[in-house]
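Bear in mind these aren't lab numbers, they're just calculated from the coordinates by the rules spelled out. Every value quoted in this text rests on a predicted model; they were computed, and no experiment measured them. Methodologically, a virtual Cβ is constructed for each residue, glycine included, from the backbone with ideal geometry; neighbour enumeration extends over all protein chains shown.
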Amino acid sequence: MTEQEKLELIIKTLDNKKGEDIQAIKISDLTILADYFVIVNGNSNTHARTLADEVEFVLSQKGIEPLRREADTGNTWIILDYADIIVHVFYKDTRNFYKLEGLWADGEQLDISSLITKE
């Protein structure tokens, strides 16, 4: 699976589970951490955990496992590290507090509208 296919699968999976305000930022020109950040929030801690679990499940079905999964005790920020793509799943209030998109504003914001279901 190519990096682009993996990125699209992650975004579609988050969208299918009703992830809110999904953002994809290309950061490869800024850091060696990863090529992309995917940022999403759930409307509760349980929803955030479900979003992360579903991404992990769907990718594992394709033989792709995260190098690392980190979460705080309240599931308000869960990180799935797939080396080239790092997925940040937040509870809404936590996302608003950390403003991760602002910290990586120099990255290239990707247009993912074709991957998102319009309601």
Lone qualifier among 50, 73, 46 - being more than 14 Å from residue 19 (Cα to Cα), out of contact with any Ser or Thr (no Cβ under 6 Å at 6 or more places or on another chain) and β-branched (Val, Ile, Thr)
73
Taking residue 35, is it under 18 Å from residue 2 (Cα atoms), surrounded by 12 or more Cβ atoms within 10 Å (Cβ to Cβ) and touching a helix residue (DSSP H, G or I) at 6+ places or on another chain (Cβ under 9 Å)?
yes
Over segment 93-115, the set of residues of a type outside the set (Val, Ile, Thr) and not in a helix (DSSP H, G or I) is 99, 104, 105, 106, 107, 108, 109, 110, 111
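Quick one: how many residues across segment 67-92 are among the acidic types (Asp, Glu) and part of a strand (DSSP E or B)? Working first, answer last.
Of the residues in segment 67-92, the ones among the acidic types (Asp, Glu) are 70, 72, 81, 84.
Next cut, part of a strand (DSSP E or B) only: 70, 81.
Residues in segment 67-92 being among the acidic types (Asp, Glu) and part of a strand (DSSP E or B): 2 in total.
Quick grid of which residues meet (1) within 14 Å of the chain's Cα centre (by Cα); (2) under 20 Å from residue 101 (Cβ atoms); (3) in a loop (DSSP other than H, G, I, E, B); (4) not small (Gly, Ala, Ser):
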site: 11; (1), (2), (3), (4): yes, yes, no, yes
site: 15; (1), (2), (3), (4): yes, yes, no, yes
site: 24; (1), (2), (3), (4): yes, yes, no, no
site: 34; (1), (2), (3), (4): yes, yes, yes, no
site: 39; (1), (2), (3), (4): yes, yes, no, yes
site: 47; (1), (2), (3), (4): yes, yes, no, yes
site: 55; (1), (2), (3), (4): yes, yes, no, yes
site: 65; (1), (2), (3), (4): no, no, yes, yes
If we ask which residues in segment 79-109 are surrounded by fewer than 16 Cβ atoms within 10 Å (Cβ to Cβ), of a type outside the set (Ser, Thr, Tyr) and over 18 Å from residue 50 (Cα atoms), their number turns out to be 11
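In the set 5, 65, 56, which member is at negative phi, without any contact (Cβ under 8 Å) to a residue 12 or more places away in the chain and touching a Leu at 6+ places or on another chain (Cβ under 8 Å)? Even if it seems obvious, please write down each step before you answer.
Numbers: 5 fails: touching a Leu at 6+ places or on another chain (Cβ under 8 Å); 56 fails: without any contact (Cβ under 8 Å) to a residue 12 or more places away in the chain.
Answer to the selection: 65.
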